[in-house]
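Notes follow the structure.
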Amino acid sequence: MTFRDFTLLFFVCLVWGLNIVVTRWVVADAGVAPIFFAAIRFMGIAVLLIPFLRPIPKNLAMIFLISMCMGAAHFALLFLGLANAEASAVSVVGQLGVPFSTLMSMAFLGETIGWRRGLGIMLAFAGVMLIAVDPASFTISVGLLYIVASAFIGSIGGILMKRMEPMAAMPLQAWIGLFSFLPLFLLSFTVEGPQLGQFLSGGLWVYAATLFAVVGVSIFGHGGFYSLLKKYDVSMLSPLTLMTPIWGVVFGVVLLGEALTINLVVGAAISLGGVFVIAARPNRTLPEAGFGKKMGGPS
């Protein structure tokens, strides 16, 4: 990999990691309802990517199902998780998308795994349990359960995408944004009540965070990443994307003042070590499994 391309990947992962912390601040500290914020974000993506909605694809029904998994449901759960759990823990737990995708590719696509990836899967889950379970009361963080469910549903979307004809990244993001924002607005109104006034009263920083999520993460982050996918093997890029949760932990500690506990440090080392093992071993039937579900964009 050239130094220029590595620098691009470095900043893409930095943006993805920072987005976890920014979203945590919006939904936890600024008081914006999480499902409503997800809806606003997807609406922004749909508006900015309108030119990519043409030509209209033939398989709209499948794209709708993918949108519900990788868009509306995934991000509703993700933002609910961020409202109820620390960003640093979410950064690590969200990487369960990698073992989930690998397990689903075994169940539905006939992928076989060796003992190394099997060990990696066990390590990934063991590390997450160490982070999510409170040893004093043996209770599991509700917020992190949302994140686990988010990773699982996002992985289902990945399996559905594999059964669809290949589609360019930006048109796919445009359609996911278009299909996702209205169901999220309806769900938000039903569960959270009217939220537009609260969002508009958030001020300049909330608006800036929304713009960052749409332009910085979904357009720059995913656009840059997909350009690298065209040049390099998945098995090379996938382990390097583990910079994302590391940045998430760093930003969570530095910007939000989150505690760097021994459980988080050890659990992260175990879980990310397992994810690294999985990502470094190519998945022949679902190459995207090594990336899990990146916590920044709609796809």
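Residues being under 25 Å from the mean Cα position of the chain (by Cα) and either assigned to a loop (DSSP other than H, G, I, E, B) or surrounded by 17 or more Cβ atoms within 10 Å (Cβ to Cβ) (or both): count how many of those fall in segment 182-197.
The total comes to 7.
Of all residues being modelled with pLDDT of 85 or more and among the hydroxyl-bearing types (Ser, Thr, Tyr) in segment 193-240, which is farthest from Phe276 (Cα to Cα)? Just the residue, please.
Ser201
Has segment 48-56 got any residue that is β-branched (Val, Ile, Thr) and over 21 Å from the mean Cα position of the chain (by Cα)? Working first, answer last.
If we filter segment 48-56 for residues that are β-branched (Val, Ile, Thr), which is where we start, we get 50, 56.
When the remaining residues are screened for being over 21 Å from the mean Cα position of the chain (by Cα), the result is 50, 56.
Scanning segment 48-56, I find at least one residue that is β-branched (Val, Ile, Thr) and over 21 Å from the mean Cα position of the chain (by Cα), so the answer is yes.
Go through (1) farther than 18 Å from Phe185 by Cβ; (2) assigned to a helix (DSSP H, G or I) and name the single condition Lys58 misses.
In the conditions (1) farther than 18 Å from Phe185 by Cβ; (2) assigned to a helix (DSSP H, G or I), Lys58 misses (2) alone.
Restricting attention to segment 173-186, does a residue exist that is under 26 Å from Val214 (Cβ atoms) and modelled with pLDDT under 90? Can you show your working first?
Start the filter on segment 173-186 by keeping residues that are under 26 Å from Val214 (Cβ atoms), which leaves 173-186.
Among the residues that remain, those that are also modelled with pLDDT under 90 are: 173.
Checked segment 173-186: at least one residue is under 26 Å from Val214 (Cβ atoms) and modelled with pLDDT under 90.
Pairs please, first residue from segment 53-70 and farther than 23 Å from Ala149 by Cα, second anywhere and modelled with pLDDT under 90 and surrounded by fewer than 18 Cβ atoms within 10 Å (Cβ to Cβ), Cβ atoms under 6 Å, 6+ apart in sequence or on different chains.
Cβ pairs passing all conditions: Asn59/Met164.
How many residues are farther than 11 Å from Leu130 by Cα and within 20 Å of the chain's Cα centre (by Cα) if we restrict to segment 257-283?
Residues that pass the stated criteria total 10.
In the set Ile45, Ile66, Ile35, which member is assigned to a helix (DSSP H, G or I), modelled with pLDDT of 95 or more and crowded, with 19+ Cβ neighbours inside 10 Å?
Working: Ile45 fails: modelled with pLDDT of 95 or more; Ile66 fails: modelled with pLDDT of 95 or more.
Being assigned to a helix (DSSP H, G or I), modelled with pLDDT of 95 or more and crowded, with 19+ Cβ neighbours inside 10 Å holds for just one of Ile45, Ile66, Ile35, which is Ile35.
The values are calculated or read from the model by the stated rules, or taken from the named source; none is laboratory data. Worth saying up front: this structure is predicted, and the values here are computed from it rather than measured. Every residue, glycine among them, receives a Cβ derived from its backbone with ideal geometry; neighbour counts consider all protein chains shown.
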